[in-house]
1. Ignoring ligands and nucleic acids, what accessible area does A:Glu18 show with a 1.4 Å probe (Å², nearest 10)?
2. Could you give the distance between the Cα centres of the range C:584-662 and the range C:733-798, to the whole Å?
3. Quick check on the range C:633-739: what does the Kirkwood estimate of hydrodynamic radius come out to from the alpha carbon pairs, in Å?
4. Limiting things to C-alpha atoms, what are the Rg and the maximum Cα-Cα separation (Dmax) for the range C:361-453, in angstroms?
5. Please report the base-10 log of the normalised intensity I(q)/I(0) for the range B:14-60, using a Debye sum with one equal scatterer per alpha carbon and no solvent, at each q in 0.13, 0.20 (1/Å).
6. So which trypsin sites (Lys or Arg not before Pro) in the range C:224-283 are both in a DSSP loop and have at most 10 other Cβ atoms within 10 Å of their Cβ?
7. Principal axis lengths of the range B:173-290 from Cα atoms, whole Å, largest first?
8. So between C:Arg413 and C:Lys717, what do we pick up on full extension, going 0.36 nm a residue minus the alpha carbon distance?
Amino acid sequence: MKEIRINVNGVFRHLIVEDNEILLDTLRTRLGITSVKAACWRGECGLCTVLIDNKPMKSCMLLSVEVDGSEILTAEGLYNNKRARVLMESFVKHGAMQCGFCTPAFVTTAHSVLSSNPDADDQEISEKLKGVICRCGTYFQIKEAVKSARAFYKDGSPETF
Amino acid sequence: MSFGGPYFTLPKFKYLRPDSLEELLSSLHEHSGNAKIMSGGVGLLAFMKERLTAPEYVISISKVPELKTLQIKGGVLAVGANVHLSELESGSIKNSLPTLYRAVKNIADPTIRNMGTLVGDLAEAVPWGDAYPALISMEAEAEISKKSSSRVVPVNGLVLGLGQINVDDDEIISRALIPLRKVRGTYLKFANGSEYGLATVALTYFTEEKRFNLVIGSASETPITIRESDVDWDFDKDFGTNVEKLERYLQLNVNPVDDLLASSDFRKNVIRYLSLQAVKEVFLDERDQN
Amino acid sequence: MNSRTVLGEKVPQVDSWLKVTGTLRYSFDISLPGMLYAKLVTSKYAHAKIRSLSFEEALKVPGVVAVATGKDFPFRLGIYVSDRDVLAVNKVRWVGHPVAAVIATDMSSAEEAAEKVNVDYEPLEPVLDVEKALEKDAPLVHEDLADYSVFPGFRPVPGTNIANEFNLVKGDVEKGLKESSVVIEDTFRIPQISHAAMEVQNSIGYWRPDNVVELWSSVQSPFATRFLLSKSLGVPLNRVIVHAPPIGGGFGLKAGLGWEALVALLSKKAGNRPVKLVLSRAEQMTSAPSRDLFLAKVRAGFSKEGRFLAYKAEFFLDAGAYADYTVNVARTAGYSAEGSYEIENVNVKSLAVYTNKIPTTAMRGFGHPENHWPLEQILDRAAHELKMDPVSIRAVNLLKPGFSERATGEKVREDEGNPEGVLRTAAGLIEIDKVENPSVPWTVIGKGLSMLVKAPSQPSNAAASAVVKLNEDGTVDVITGTGSMGQGTPTGLAMIVAEEFGVPLESVKVVQTEGVDTDRSAYTWQTVGSRGLFSDGIAVLRAIEDAKGQVKKIASAVFRVPEDDVEVSGGYVFSRTHPWIRKELREFANGYTFSDGTSVGGPVIGRGSYIPVLNTFLDEKGHGSNTVFHTYGATAVEVELNLITGEIKVLRAVQVFDVGKVINLLTLIGQADGGFIMGLGSALFEEIKFDDSGWVLNPNLTHYYVPRITDCDFEIKESFIETPQKDGPLGARGIGEHVMIAVAPAIANAVFNATGVKMNELPMSAEKVWREIMKQKPELFSKALKSFQESLKEVMAE
């Protein structure tokens, strides 16, 4: 058992976790964060992607103890970020989802792509989103959605409401 | 080798997180044989979920400052064991160590590269790993540390086979040491119907010394290294003749494995294709080097 | 209140915001107070007797509540042939066959305990090949086939491994072949593939103390699940409640009955506490069903004008250990074997065959990706022999709406669609005749197309129903039986309702968007076969009509005009002859109250239903009438083929469908593109690989590769033709499965047209294509390699 202090979607959490506890389980089962999905449990599908100190990582392959001290963002939290909200709206408008099971992972990853490079081109967007699988095949729509949200990630556009 | 364990959870273990290299090494010493080192964790947790390994202790190196450094010293780029792959995707690495840059770009996906490390990819010791052939081609060395001492060995030869590595239980590969010489290089991967390459080619050309290492990965249990001397490559001679020699050498000496990903003869065909692409890029096509 | 029409526009799915924020609740996300977790113990043998089974050690693991084995649950399950057990009883039939289940308070304990269940097996000879399974002395996968219950129209052959035999006979095929100028003969094969739905199968069972069985499950067809569960376990239908939250991808995997019987029984065994089973990806790919393996031996004859004179085909569908659903896949592949063409003489035999491999079930396309794979390639090959082009040979043979008859004897309806328009549109968009130059001389660019047609394959009584309720603020609630799995049906239904009442889309709520449950939803047979929008759509339109009738009755009293003078549209109710007499629709929602306080009518609740009429079972020659609508489509591609490595790269893709009427353009395009990508996966990459003892070698998403976003760097165009289906909802037809059917044959045809290399087997992996080039056209490889080698020298010379 280990004590960890993390900030999840803006809320500080002080948790006691098992040594072998996986972050995916901590987030889903203990904190009720259901946007974090899983489909392979071994780092392939990317549906468990969360932002850890603003970097996308696959939470099924992380021990909860390892993220002690980090700031974790998921789709639920990004809803309160103005830029990410625009990105989400772009996903909605472009129909960049079918069953929706992978959508939060794409939104989360795309947010980090545009945050680090608002000028990301088709190829970069594609390459950076490679770690998430959408079996419904909404990839064309996802690319369009991300591209058309780029302007809102440029300097000057606010992050908070 | 195929994965397909049914498990969601990890076996039980005790988690240790030393705060310094010294503490790490004594912990390794103390639990030698019962412990596994975790850098990014991507490989280790996968193996543990498959129940291929169930160590009593997992020693995390995430808080060991000495292993987080990426520094240039004495003409060598030292990549600490806890330097994430994504940190190597920089413009300066691209310019100075193109083989490394391209190999890293071929590892898994960008999200995994935020988690995994170069040394971890090497230490996983899987035939389909991308770091090992690339490091061999660059003539990298590994700094291996234990409680009382450390040693530096060539990376080439470190991996003995699937999951087997020439590092003792109380040792850690603390840094990969990559020489910074004038090089051109590339890394090509042929993947089709899998995330893993069915063949890869790492080529590093030391321009001043006029020699190269062409390393073929994912095609046999350990990579195959081909040097200019092996193929009797003569830089003063016609390029076409040299390419023919290389082709002949590949034809006679490279016998790839048959496995789930590809048959031997197809691999052989792909290896020729990648090798020729690689020499074309490195020796002829300067534009691609930028 | 009057609103513009939204039909045919790009409308985001109504649950989009829940999806982007990850707050839509799938059954994967549900947990109940006191819930326990189940873990499967699965067979290590493809075929073996269970000598004994012990689990004392498992019970000692802290947290373990119970261990269940096959003997605990002596029930048989299945939709068309009840060939499934709940857990293996006496023998195991494939590697991965669940033999026991551990129930524990947490997953970690369950997993630990599952390792401590010991099973002693006596290995039996397995049969792992579909053709060997048909040999006389082949081991039997199901000795008791004669005792299984069978749905009308299916014909298992006890004493063999044949789960179903279907025959389609028209004319005299041998005579037709004899009269043909060109006969194409070949053997085609498609391996087993995985649905790879991102949400793995997962179910919660709660056998309540009052003996009501409650389930939360990732299922496509809650009513069918309820029916099959009730039938198998002997619980009355209304004592079973199936909750079906939105699902994270189904593609056929989640049709019928999944793991619901097991979790219900486990709950009972665990002292009536809720039990959840979630499959791991490996379990999903080894213990749960996949798509059938398909083997086709065909002979096709054409006249010198290109008339399709004869088609003789034998289809063998390797159904694996359970043919549950695959008997109908085989039947469907058989009766629709002629595709979009009128063939004079047809003889098709289609068998579903048991083997000791992972079981199989329905998958998107349901026998059509299978039967179109040989058919659509035969046409290009015949065209080549006859010096015709792929478009004209198809045009010559296409079914003619209003004139042709299918081999089943069914008339091709006049309003069925415009197959020729589809064909020519696809050919035009891909510029089939325009030759493209490859980027380097060791590749070639090829273009290919494939037609497709499909009707829902459903029992003749596949009904649907709907309820439409008006609310007093003018909003409308719609209750259906079709839920949300990404296909967009709830959104389409909401658009239809908005259109018909003339209210804004936001005013319409399709309750089942957030989940179906069998207690509170309207009945629909299943969410399968591309039937949702069609069947539920008709039911919804009838419910609207009924609701409008009720409004008219009330309004007639209020307006003092005859009922048939009352019109409901644009959000208003008015007199047709005196249009200034009008009131807002909302004023009638709960009946109408006059200014003096007196009231007439009551809450408006419209009901509507649908059942296919005049459908029949097919007889022994495959004759009968068993379809309600057909959707035609065509896929066309431009691909670049590397002649040295065999790698195929799609450069352009075209998807054309006659959808009758575009309801929602956004979800329609989404389906067309997404289906292409799924088709691309099965065309180039996907194959469940087995070793010689029946073990799956790639039960993961690393070695079972499904397309990633980086595989989609090509251009895709969609085009929709609207030939209204007279009895369809506003003229519309279904599209959900069609989008992936023609992708593989279109790519194979592109390869053939560019090189003459015939691809008989899927997937067209680089290695397989390379091998075929080396076998069929080695000179292409040599030439390509040479040009590649030359290119090295040329660069040098520069």
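The values are calculated or read from the model by the stated rules, or taken from the named source; none is laboratory data. Here the structure is a predicted model, which is why all the values come from computation and not from measurement. Cβ placement follows ideal geometry from the backbone for every residue including glycine, while neighbour counts extend to all protein chains displayed. Calculation scope for accessible area: heavy atoms of the full protein, side chains included, ligands and nucleic acids excluded. Shrake-Rupley method; radii C 1.70, N 1.55, O 1.52, S 1.80 Å.
1. 90
2. 36
3. Working: mean 1/r = 0.0628 Å⁻¹.
Value: 15.9 Å, from the Cα pair sum.
4. 15.8, 51
5. Calculated log10 I(q)/I(0) at the listed q: -0.27, -0.61.
6. On the way: sites: C:Arg226, C:Lys231, C:Arg239, C:Lys254, C:Lys268, C:Lys269, C:Lys276, C:Arg281; in loops: C:Lys254.
Qualifying residues, ordered by number: none.
7. Dimensions of the range B:173-290 along the principal axes of its Cα atoms: 41, 40, 26 Å.
8. On the way: separation 304, 0.36 × 304 = 109.44 nm, distance 2.85 nm.
Taking C:Arg413 through C:Lys717 to full extension adds about 106.6 nm, to one decimal.
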